[in-house]
Amino acid sequence: MSDQTPPPAAAAQPLSPEADKQAAMWANIGGIVGFLPSLLIWLILKDRGPRTNVEAKEALNWQITWTILQVGLWIVVTILTGILFASGLWPLAALIGWLPFLWWVVNVIFSIIAGVTINNGGSYRYPLNFRFIK
């Protein structure tokens, strides 16, 4: 048996400016399906590209904020819908039931705007974003 330890792994190569921009763009557009694309891109590539670090972190913070608000909205809508339905105001309950879907549409719109802005060379800051990850 050999007592030799394997050599340390080589550090990952920095991203090219184009790859850095693309990773940052996909971190934002990936938000359409949830926080996982932003989280994975940020965790894997944050040390390889400065733009990816900043923009993916912004996207991840938005996705966390959006998810918290989405869960809260589902709770409120469920309670209100039950009350309105029991009160005989089922048409209003049906309208309120659309709010979580509309909030998802807001996420899709912001994610696409952010991705396009970054792809065009800019930087994007979401209008309502709590910075959980600094």
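Only one entry of 73, 128, 43 meets the criterion of being out of contact with any Pro (no Cβ under 8 Å at 6 or more places or on another chain), among the hydrophobic types (A, V, I, L, M, F, W, C) and part of a helix (DSSP H, G or I), and that entry is 43.
Conditions tested, residue by residue: (1) within 29 Å of residue 16 (Cα to Cα); (2) modelled with pLDDT of 95 or more.
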| position | (1), (2) |
| --- | --- |
| 46 | yes, no |
| 62 | yes, yes |
| 105 | no, yes |
| 116 | yes, yes |
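Within region 76-97, restricting attention to residues that are assigned to a helix (DSSP H, G or I) and touching a Ser or Thr at 6+ places or on another chain (Cβ under 7 Å), which residue is nearest to residue 132 (Cα to Cα)? Checked region 76-97; the qualifying residue nearest to residue 132 (Cα to Cα) is 96.
Inside region 5-31, residues that are assigned to a loop (DSSP other than H, G, I, E, B) and under 28 Å from residue 107 (Cβ atoms) make up a count of 1.
For region 117-133, a residue qualifies if it is touching a residue at least 40 places away in the same chain (Cβ under 8 Å) and surrounded by 14 or more Cβ atoms within 10 Å (Cβ to Cβ), and the qualifying residues are 118, 119, 124, 126, 129.
Selection of first residues in region 1-17 that are farther than 14 Å from residue 50 by Cβ and at pLDDT 75 or above and of second residues that are assigned to a loop (DSSP other than H, G, I, E, B) and open to solvent by 100 Å² or more (accessible area, probe 1.4 Å), restricted to Cβ pairs under 7 Å at least 6 apart or on distinct chains, gives an empty result. If you check residue 34 against the conditions, is it more than 20 Å from residue 126 (Cβ to Cβ), modelled with pLDDT under 95 and of a type in the set (Gly, Ala, Ser)? So residue 34 does not fit the description; no. Here residue 100 meets the list (1) part of a helix (DSSP H, G or I); (2) under 17 Å from residue 24 (Cα atoms); (3) touching a residue at least 24 places away in the same chain (Cβ under 8 Å) almost entirely, failing just condition (2). If you go through region 32-52 one residue at a time, do you hit one that is touching a Ser or Thr at 6+ places or on another chain (Cβ under 6 Å), open to solvent by less than 80 Å² (accessible area, probe 1.4 Å), closer than 15 Å to residue 106 by Cα and not aromatic (Phe, Trp, Tyr)? Yes, because at least one residue in region 32-52 is touching a Ser or Thr at 6+ places or on another chain (Cβ under 6 Å), open to solvent by less than 80 Å² (accessible area, probe 1.4 Å), closer than 15 Å to residue 106 by Cα and not aromatic (Phe, Trp, Tyr).
The values are calculated or read from the model by the stated rules, or taken from the named source; none is laboratory data. None of the values given here were measured: they were computed from a predicted structure. Note that each Cβ is placed from the backbone with ideal geometry, even for glycine, and that neighbours are counted across all protein chains shown. When the accessible area is computed, the model is the full protein with side chains, heavy atoms only, and any ligands, DNA or RNA have been set aside. Shrake-Rupley method; radii C 1.70, N 1.55, O 1.52, S 1.80 Å.
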